[in-house]
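As structure tokens, the structure follows; a few thoughts come after it.
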């Protein structure tokens with residue numbers, strides 16, 4: 001028996017709708033927890049960029065303390081993304097993280113841009129965070145309004 005193309009298309013769309021939020025949650029967990037743990041155990045390839053930004057902006061604590069706290073913050077974001085019901089807590093945390101993550105594009109242009117509109121590898125690493133923002137927006141789009149029963 002041959003299934004019509006439209007029916008296959010509809011089935012695939014429904015399947016992807018069902019798994020899109022759980023997959024986005026899991027992906028965000030993996031990225032934030034993994035990259036955060038690398039900072040905590042002092043193995044992150046992003047540490048020099050973070051330290052460069054730290055020296056330009058913060059400076060009220062030792063970098064060694066900051067990088068561990070920043071890594072733990074990233075781990076927490078990852079963990080909170082996989083716990084249903086905590087989206088309204090984690091999305092503002094993600095927003096704060098994204099603001100700080102995008103700062104090198106403006107504060108460290110010699111590190112993040114090789115020429116106009118040509119990012120370095122570090123710049124590409126930062127710009128790809130737009131996909132993280134899109135995934136978080138997708139999760140937020142599936143929330144129920146506050147005070148409304150499911």
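Here, each number is a calculation from the coordinates, and none is a lab measurement. A quick note: this is a predicted structure, and the numbers were derived from the prediction, not measured. Positions of Cβ are backbone-derived with ideal geometry, glycine not excepted, and every protein chain shown enters the neighbour counts.
Calculated mean residue ellipticity at 222 nm for the chain: -24500 deg cm²/dmol, from DSSP H runs with n ≥ 4 weighted as -39500 (n - 2.57), summed, divided by the residue count and rounded to 500.
Site pair residue 113 and residue 143 shows an inter-label distance of 3.4 nm when each label is modelled 7 Å from Cα along Cα→Cβ. Taking all C-alpha pairs of the range 1-82, those more than 21 Å from each other amount to 49 percent. Within the range 43-113, the percentage of alpha carbon pairs spaced more than 14 angstrom apart rounds to 64%.
Computing FRET efficiency as 1/(1 + (r/R0)^6) for residue 121 and residue 88, where r is the C-beta to C-beta distance and R0 is 30 Å, gives about 0.30. Can you match percent of Cα pairs over 24 Å apart to one of these, (1) 34; (2) 44; (3) 52, based on a calculation from the structure here? Answer by label: (2).
With angles folded into 0 to 90 degrees, how steeply does helix 129-141 sit against the dominant principal axis of the chain? Use alpha carbons for both and round to 10. Between helix and principal axis, roughly 40 degrees.
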